[in-house]
Amino acid sequence: MTHDEAGALLGAYVLDATSEEEREALEAHVSGCAHCQAELAAHREIAALMAAGLSTEVPARVWEQVAASTFLSGSHEAQPPPRLVPLSSSKLARARREVLARRARGLALGLGGAAAAAAIVLASVFGTEVGQLHSQVRSLEQQVGAASVAEAAALAAAGPHVTVALAAADGSRAATVVVAPKGFAYWISSSLGELPASETYQLWGLVEGKPVSLGLLGPDPRQAGLFRVGKGTSKLMVTAEPAGGAPSPTTAVLAVGTLPSSAVEES
Amino acid sequence: MKGDLASASDAALAVGVARWREEALAEVYRRNAGAVFGLARRLLVDEALAEEVTQEVFVGFWEHPERYDPARGSLRAFLLAVTHGRAVDLLRSELSRRAREQRARAVAGPDFEQEIVELMANEQVRQALNRLPPAERSAIELAYFGGHTYREVATIQNEPEGTVKSRIRSGLRRLESELAHLVQGADR
């Protein structure tokens, strides 16, 4: 494709109005033509201005799904703070490769090194936590001074509280949770199906980007549940796990809801 | 950190995302999701498909921030270009028959173009479009908001394909000279 042929197609290309073959031929030319690249960039800004007028409110579930499919991928573990300097995209790619390489090295070394020991300690801490969840619920019941979870939930819903709707992937409401200011939280209703006895629903809070187990709900999600939410919890999520629960989510997130930062006072 | 992010440049946000900073992605979403979703919904009509495209655009940016080159324009223009391309792919694929049928009904309305112009919140953009020669304006709108190829536009306008290609290009250039002051610098 000559430069003039490319130029004639540029406008249509920016608006995705060419055929597949024309698109490929044009891209081959543009990749080596600074003049066309500049015109392309200018056209793109104009297209963006035209789209700005269409800007509209986005349903909250879209962000929840984005967050669920990105932050839970395990790719967010503690990283160096962002450098607030413009970098070219090749530098971006390199920065990212370095991060990935570091993570890969950490995992490999972890098999024999100190990281492995740390991982084992973590696993046992989580293991204990999961094992204790049921007795925790009993002690929580005593703390809120109610005879049953259902009664405590009714008391909480009568006072100041925040209602969090957990949305499923299709956007439908999968569950409702009531959070009282002290962080006591109640799983009060759900449209999720009953699991086989070998599995349990497990509730997670997202704290600083990491899922933290909040408790096991058992196989029947219609039963009310009581758990405790910490101040830094930004999201509530639910997964289906093997009966004893898991230290971190092992299956897809079934539903996600956002906890307003004001929901929990000092806990 | 929040204050920093709200005023962070596109390049800084892209670096943040490259370093897996979820709050950087959240800020990119806060700034751009409304336009991404609005454009996808305009093209696809089907709300659920538009939500899917919006989700894909931001998950895609999380996974491949290096595809955005700050030297070649604003992050918003990049994300909207990705959105437009993805929505048009869906429109043209066999799978989205449902969306096309819905869309055919919406497009068949008596004053589709006028409806679009009225949706333009940005008064200056609206005025600049209105000042274009009508055939140029219509060619750009049919392609950008209607998802038509220039060949389809040529059929609709009953003009040679070459005429339509140059109408689109000269219309965009005219808009550029009128709206240059609205375009954010790449190093904002």
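Is one or more of the residues making up the stretch B:63-70 in contact (Cβ under 8 Å) with a residue 24 or more places away in the chain, more than 7 Å from chain A (Cβ to nearest Cβ) and of a type outside the set (Phe, Trp, Tyr)? No, the conditions are met nowhere in the stretch B:63-70. The listed residues are A:190, A:213, and the only one of them that is surrounded by 18 or more Cβ atoms within 10 Å (Cβ to Cβ), over 29 Å from residue B:54 (Cα atoms) and among the hydroxyl-bearing types (Ser, Thr, Tyr) turns out to be A:213. Does residue B:100 satisfy the condition of being closer than 26 Å to residue B:46 by Cβ, at pLDDT 90 or above, surrounded by 13 or more Cβ atoms within 10 Å (Cβ to Cβ) and more than 8 Å from every other protein chain (Cβ to nearest Cβ)? For residue B:100, the condition - closer than 26 Å to residue B:46 by Cβ, at pLDDT 90 or above, surrounded by 13 or more Cβ atoms within 10 Å (Cβ to Cβ) and more than 8 Å from every other protein chain (Cβ to nearest Cβ) - is not met. When the stretch B:134-151 is filtered for residues that are within 8 Å of chain A (Cβ to nearest Cβ) and assigned to a helix (DSSP H, G or I), the ones remaining, listed by number, are B:140, B:143, B:144, B:150, B:151. Scanning the stretch A:3-59 for residues that are among the hydrophobic types (A, V, I, L, M, F, W, C), within 9 Å of chain B (Cβ to nearest Cβ) and assigned to a loop (DSSP other than H, G, I, E, B) turns up A:15, A:17, A:54, A:58. Please go through the stretch A:176-200 and pick out each residue that is touching a residue at least 60 places away in the same chain (Cβ under 8 Å) and within 14 Å of residue A:226 (Cβ to Cβ). Once the filter is applied, which keeps residues that are touching a residue at least 60 places away in the same chain (Cβ under 8 Å) and within 14 Å of residue A:226 (Cβ to Cβ), the stretch A:176-200 yields A:177, A:179, A:182, A:183. Take the conditions (1) assigned to a loop (DSSP other than H, G, I, E, B); (2) at pLDDT below 75; (3) small (Gly, Ala, Ser); residue A:197 misses just one of them, which is (2).
Could we say that residue B:15 is surrounded by fewer than 24 Cβ atoms within 10 Å (Cβ to Cβ) and either within 15 Å of the chain's Cα centre (by Cα) or facing chain A (nearest Cβ under 7 Å) (or both) here? No: the conditions fail for residue B:15. Apart from one condition, residue A:244 fits all of (1) in contact with a Gly (Cβ under 8 Å, 6 or more places away or on another chain); (2) without any contact (Cβ under 8 Å) to a residue 40 or more places away in the chain; (3) not charged (D, E, K, R); the exception is (2).
The values are calculated or read from the model by the stated rules, or taken from the named source; none is laboratory data. Owing to the predicted nature of the structure, the values given are computational and were not obtained by experimental measurement. Methodologically, a virtual Cβ is constructed for each residue, glycine included, from the backbone with ideal geometry; neighbour enumeration extends over all protein chains shown.
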